[in-house]
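The values are calculated or read from the model by the stated rules, or taken from the named source; none is laboratory data. Everything quoted here is computed from the prediction, not taken from an experiment.
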Amino acid sequence: MNTGLRIAAFAAAVAAVFAIAFGVGRVAGPDPDSDPTPGPSTHQPSVHQGESHER
């Protein structure tokens, strides 16, 4: 097997793996028409109101 054929086979294999992964992601991924609004935030601020980091 010459070098050009090996490179072409490798490129074809990489393209096939990418296409399969893309297809699986489209099937198993989130619905693109669903509402992307995030739920309530659970973030707790580390600085209380009135406190300052300045010294």
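Conditions tested, residue by residue: (1) under 21 Å from the mean Cα position of the chain (by Cα); (2) of a type in the set (Asp, Glu); (3) at pLDDT 90 or above.
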site: Thr3; (1), (2), (3): no, no, yes
site: Ala15; (1), (2), (3): yes, no, yes
site: Asp33; (1), (2), (3): yes, yes, no
site: Pro40; (1), (2), (3): no, no, no
site: His53; (1), (2), (3): no, no, no
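Please pick out the residue among Val27, Val47 that is among the β-branched types (Val, Ile, Thr), in a loop (DSSP other than H, G, I, E, B) and modelled with pLDDT under 95.
None of the others qualify; the one that does is Val47.
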